[in-house]
Structure formats: C-alpha cells, structure tokens
1. Probe 1.4 Å, all protein chains in place: accessible area of residue 122 in Å², nearest 10?
2. Would you kindly derive the ³J(HN,Hα) couplings of segment 59-70 from the backbone phi angles with the Karplus curve 6.51 cos²θ - 1.76 cosθ + 1.60 (θ = phi - 60°), listing them in order in whole Hz, with x for Gly and Pro?
3. By average Cβ neighbour count within 10 Å, what is the ranking of 73-80, 60-67 from highest down?
4. Highest GNM mean-square fluctuation, the chain, Cα pairs closer than 10 Å: which of 22, 42, 104?
5. Need the full-extension length gain, residue 48 to residue 105, defined as separation in residues times 0.36 nm minus the C-alpha distance. One decimal, nm.
6. Using only the alpha-carbon atoms, how far is helix 139-158 inclined from the longest principal axis of the chain? Give it as 0 to 90 degrees, nearest 10.
7. For helix 95-105, what angle does its Cα long axis make with the longest principal axis of the chain, in degrees from 0 to 90 and rounded to 10?
8. With every protein chain left in place, what is the accessible area per residue of segment 92-155 in square angstrom, probe 1.4 Å?
Amino acid sequence: MAVLVCGGAGYIGSHINKQLNKEGYETVVFDNLVYGHREAVKWGSFVQGDLQNTGEIEAVFQTYKIEAVFHFAAYAYVGESVENPEKYYYNNVANTLNLLHVMKKYGCTKMIFSSTCATYGEPEKVPITEDMPQRPVNPYGVSKLMVERILKDYSKAYGLKFVVLRYFNAAGADPEGELGEGHDPETHLIPLILDAASGRRKEIRVFGTDYDTPDGSCIRDYIHVYDLATAHLLALHYLEQGKESNFFNLGNALGTSVFEVIEAVKRVSGKKFTVSVSDRRSGDPARLIGSSEKAQSVLGWKPVYGDIDVIVGHAWNWHDKTF
Ligand code: UDP
C-alpha cells in the first residue's frame, strides 16, 4: 500500500513527504514540476505528471496500490488568480475533479486536502474558528472553497472520507536543513526578507503601514511547516481509524506583524538591510489568526515550533545554505 502525494515536490508537500517516509509509509510523489523542485523529492518514488491528464493519474493507480491521497497540487498566487482566474479554476478545481474521478474508479476513499485561511476572506473576528463564514475575496480562495464543497458532495454520494486542512501562513524550513522554501517568482514575506538580509534583494518593502494594528502593518499567523507536516500525519491516522470527514484550521493562534517578522530576521541573521514602506497590497486583510483548538483536541496536534525566531531561524539556515 502506498500514499500518493500530489504536489509533493513543492514547499509544503515535500516536508510532508519526508515525514511520511520517516513514519514508514511508502510514498509516490506526483508533480508536474511547474513550481515544484525535483531535488526536493528525496524520499519515496517520483512520477512527473499533470493532473490535467487523467491518463497520467490512472497510470499511477495502476502501478501502485494507493491507500490515501494528499493533495497539494495547486496554484497559489493570489494576485495572479485575480488577473487570470481561468488558470486557477482549471488547475485548482477542474484538475482536482480528474484526481477525484480516478480515486473513485480505483476505490481509493481517503483524501487529505490542502486548503487555506484565504477561504475565510476578511474575518469578522480573530482567532478564526472552523465554523466561521467562508467568504473568500479572490479566485484563489474561491477555488479552494469550491474543492471543499466538492469533497463534501463526494463524501455523501460516493463514500469519500476527507480531511480538509486550512493553513494559515506556512513558514520555516525543515529543522534538519534538508528542505526549505523557494518559489519562483517569490512573493512570500519571509523568503523575501531573507533575500534582503543575504543581499540577494536590495530591500524589503512593507505593504501598508496604515492598518488598524499596533504598528500599522498586517498581522498574520505564521505556522512552521514541520508542524503542518505533523498535522497531516495525524489527519491520515484519523482517516485510517475510520473517522468521519472533517475540517481543521492549522495556525498558532499567534499574530505577528510584518515589522515583527523583519525584526526577527534581523535578530536571527545578525544582518542589517533596508526596509522601505509602500502602499497596501490589494486584498490583504489586516489580521488573519487561526484558532487550532479543534485540530489540537480532535487530532491531538501539538505544534512545537510556534516561536517566530525559531521559524525564521530554520528558514535562514536553509536559505543561507541554498542561495
Ligand atoms: N508582505 C509585505 N512585503 C512583501 C511581501 C508580503 O509587506 O514583500 C506582507 C503582506 O502584505 C502580508 C504578509 O506580508 O501582510 C504576508 O504575506 P505573504 O504573501 O507572505 O502571505 P499571505 O498572507 O498573503 O498568504
């Protein structure tokens, strides 16, 4: 029996693939390598393929007995999703239907789906709990919410069992230094600050300093990618125990502002760099903080790397070694 990791060459998927292998699972990573990195797949088998080609997915199910599917394969640039929604609905929604179709055909009934706090849009209050309204404000968030709805319907109609994990801001790198975060183009705050600290970029720009927050910059809930990976393992165990489909937020319930993250990078790296201020980025809510009480009580999840200096420290170690 094997576990399929769609999008397992990407940032989050590669960390989960590592932990699955460490726990003794046989894994098959399926990735089109549009954004993923082949060198990040250091464990298990690798198949280069695209979810838009149902035949390529079927070939995997013919070769391996797939017990469960982790689904990370998606586009995740919010701004791009506003400019080119078609790309997002095709890849994130239609291609997921291809995957679900093949799973149904081969009797695979377990899926762990990578969703996002972007499905909540602008929250009425924080920390956000799973029962709060989901009103995404960009096509990326809508595409993830659409898949959540599809999973619910598949669950009722075809007996699929799923766990949806709604991440807050995934951050950090493998504590053992084997994996890290590298997007091209890079849009995420922490790698961009690290680039400024290492001199790869000339500055870090803070998008908006007039938010209704103590220092005026946006507040996010940064969750260590190692802790995210642990939650995915627990979600798999949960489904293996025959439990019902469910939805969980994965955050630290801790808010950190953009300026606080910049200070953490300065502390950890010991580097000085230029910080400039620019306009707000459109579609950025002032505060996104997730309650993960449900994941803690139902899955037994205990995040261990909540401290922003530790998160940034692991990211810096990897960044320093890699770039
Ligand atoms: N941000 C910033 N400068 C940058 C990139 C991001 O000030 O160069 C801010 C962004 O406005 C947001 C936070 O950093 O408030 C986290 O952004 P990121 O893109 O990493 O994640 P998101 O919250 O959009 O998922």
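1. Result for residue 122: roughly 110 Å² accessible.
2. Each residue of segment 59-70 in turn: 4, 5, 5, 6, 7, 10, 8, 8, 8, 7, 10, 9 Hz.
3. 73-80, 60-67
4. For the chain, modelled as a Gaussian network with Cα springs under 10 Å, the answer is 22.
5. This chain segment gains 18.4 nm when fully extended.
6. Between the helix axis and the principal axis of the chain, the angle is about 30 degrees.
7. 30 degrees
8. Each residue of segment 92-155 exposes 40 Å² on average to a 1.4 Å probe.
The values are calculated or read from the model by the stated rules, or taken from the named source; none is laboratory data. What you see is a predicted model, and the numbers here were worked out from it, not measured in a lab. Positions of Cβ are generated from backbone atoms using ideal geometry, with glycine treated the same way; all protein chains shown enter the neighbour counts. Ligands, DNA and RNA are stripped out before the accessible areas are found, and what is left, the full protein with its side chains, is counted by its heavy atoms. Shrake-Rupley method; radii C 1.70, N 1.55, O 1.52, S 1.80 Å.
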